[in-house]
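First comes the structure, then the notes that go with it.
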Amino acid sequence: MTPARMVNFLKVFTGYHVSRWLKKPYQWGLPVALSIEPTTSCNLRCPQCPSGLRVFSRPTGMLQKEMLQQLLPQIKSSVHTLNFYFQGEPYLHPQFLELVKMTLPYNIYTSTSTNAHYLDAAAAQATVESGLKRLIVSIDGTTQETYSQYRVGGQLEKVLAGTRALVEAKRKSGSATPHLVWQFVVFQPNEHQIEEVKKLGRELGVDEVTIKTAQIYDFENGSDLIPTNGKYARYRKNTDGSFEIENKLLSQCWRMWQSSVITWDGKMVPCCFDKDAHYRLGDLKKDDLKTVWHSEAYKKFRQAILIGRKEIDICKNCTEGTKVWAD
């Protein structure tokens, strides 16, 4: 956190709270955090993922190095964290770790999320050398039978082998990074394995195991994926048998002031819940980030959030204001 980034954060923070108070969008800073999409491609077929289901209505493809080269100088004084992830499996991008290395001169905290199927010994060593600061590995089961119920087409042993490879690469290099996180998304078929995954993570030497609630599409009529333990569900069951999100969907959203998401082809969208890039607030192939961030389109979207967040479709399944991580 450089002095310039701290000043920017204070501008964003102040603008957000003034906006909440006055119900008008004031944005005095630039993004504190960004997510950028390396690729929409994925090797798995997860049933609650547009990438896995191959149902995108937007163009699919891979991030070009030239776009990142143009972006980095624009964000060097404001962005603290750059997450190389939106949809897809980042390691399917043939130049993914080269993209990460490009951020090194800018001293930006970098992270990504992977299913670890391509994390062999060579990739693990290259990951450590890339300077990546945080690596989230999705592991939604401690047995192949449970794991494959959601990670369709996946092999648990590859996830475990990839984990071991990264732990070993860090040990050989004497590196504390990337901080290795196992992320366990709780569904009804795997909720009985929560304690098991924590134990297994400790045994393999991961740095952190996080338990995350699952986003379910068309949850209103229930789903066999919704956990029976309400502690690990984003949805509650009504007396008539229907379900509703537990989030009160207050007309506010910190994400709209402090971060944004960039698709592989340069479209800026509000957040990770706009998976199909329906709300395209700007195009970085045509304008710079500052212009888009302060554009009329962004102002109108922030104003809509402040007036009635419940009326925006991508917000209706959002976790902003409710629990995402369970203990």
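The values are calculated or read from the model by the stated rules, or taken from the named source; none is laboratory data. For clarity, every value in this text was computed on a predicted model and none was experimentally measured. Note that we place each Cβ from the backbone using ideal geometry, even for glycine, and neighbour counts take in every protein chain shown. The area values use the complete protein model at the heavy-atom level, side chains included, leaving out ligands, DNA and RNA. Shrake-Rupley method; radii C 1.70, N 1.55, O 1.52, S 1.80 Å.
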When the stretch 102-142 is checked residue by residue, the ones that are open to solvent by less than 30 Å² (accessible area, probe 1.4 Å) and of a type in the set (Asp, Glu) are ASP140
Are there any pairs, at least 6 apart or on different chains, whose C-beta atoms fall under 8 Å, with the first in the stretch 85-104 and in contact (Cβ under 8 Å) with a residue 60 or more places away in the chain and aliphatic (A, V, I, L, M) and the second open to solvent by less than 10 Å² (accessible area, probe 1.4 Å) and part of a helix (DSSP H, G or I), and if so, which? LEU99/LEU68
Within the stretch 164-199, can you find the residues that are of a type in the set (A, V, I, L, M, F, W, C) and in contact with a strand residue (DSSP E or B) (Cβ under 8 Å, 6 or more places away or on another chain)? LEU166, VAL167, LEU180, VAL181, TRP182, PHE184, VAL185, VAL186, ILE194, VAL197
If PRO189 meets every condition in (1) in contact with a Leu (Cβ under 8 Å, 6 or more places away or on another chain); (2) over 26 Å from ARG309 (Cα atoms); (3) open to solvent by 50 Å² or more (accessible area, probe 1.4 Å) apart from one, which number is that one? (3)
TYR150 vs. criteria open to solvent by 70 Å² or more (accessible area, probe 1.4 Å), within 22 Å of the chain's Cα centre (by Cα) and over 17 Å from LEU82 (Cα atoms): no
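Each row is one residue, and each column tells you yes or no for (1) part of a strand (DSSP E or B); (2) aliphatic (A, V, I, L, M); (3) buried (at least 19 other Cβ atoms within 10 Å of the Cβ); (4) over 17 Å from the mean Cα position of the chain (by Cα).
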site	(1), (2), (3), (4)
ARG236	yes, no, no, yes
ASP240	no, no, no, yes
SER251	no, no, no, yes
TRP257	no, no, yes, no
VAL261	yes, yes, yes, no
Check ALA277, ALA233 and return the single one that is under 29 Å from VAL209 (Cβ atoms) and of a type outside the set (S, T, N, Q). ALA233
Over the stretch 21-48, the set of residues open to solvent by 10 Å² or more (accessible area, probe 1.4 Å), out of contact with any strand residue (DSSP E or B) (no Cβ under 9 Å at 6 or more places or on another chain) and either closer than 21 Å to ARG255 by Cα or free of Cβ contacts under 8 Å to residues at least 40 places away in the same chain (or both) is TRP21, LEU22, LYS23, LYS24, PRO25, TYR26, GLN27, TRP28, LEU30
Condition first: in contact (Cβ under 8 Å) with a residue 24 or more places away in the chain, open to solvent by less than 60 Å² (accessible area, probe 1.4 Å) and either out of contact with any Gly (no Cβ under 6 Å at 6 or more places or on another chain) or not in a loop (DSSP other than H, G, I, E, B) (or both). Now tell me which residues in the stretch 273-293 satisfy that. PHE273, ASP274, LYS275, ASP276, ALA277, TYR279, LEU289, VAL292, TRP293
For the stretch 294-311, which positions are open to solvent by 10 Å² or more (accessible area, probe 1.4 Å) and either in contact with a helix residue (DSSP H, G or I) (Cβ under 6 Å, 6 or more places away or on another chain) or not in a loop (DSSP other than H, G, I, E, B) (or both)? GLU296, ALA297, LYS299, LYS300, PHE301, GLN303, ALA304, ILE307, GLY308, LYS310, GLU311
Can you confirm whether the stretch 8-21 contains a residue that is touching a Ser or Thr at 6+ places or on another chain (Cβ under 9 Å) and part of a loop (DSSP other than H, G, I, E, B)? no
Within the stretch 212-234, which residues are closer than 30 Å to LYS300 by Cα and crowded, with 18+ Cβ neighbours inside 10 Å? ALA214, GLN215, ILE216, PHE219, ARG234
ALA169 vs. criteria over 24 Å from the mean Cα position of the chain (by Cα) and buried (at least 20 other Cβ atoms within 10 Å of the Cβ): yes
Consider the stretch 51-77. How many of its residues are surrounded by fewer than 14 Cβ atoms within 10 Å (Cβ to Cβ) and of a type in the set (Lys, Arg)? 2
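For the structure I just gave you, tell me whether GLU145 is closer than 23 Å to MET1 by Cα and either open to solvent by 60 Å² or more (accessible area, probe 1.4 Å) or charged (D, E, K, R) (or both).
On the way: closer than 23 Å to MET1 by Cα: no; either open to solvent by 60 Å² or more (accessible area, probe 1.4 Å) or charged (D, E, K, R) (or both): yes.
Judged against the criteria, GLU145 is not a match.
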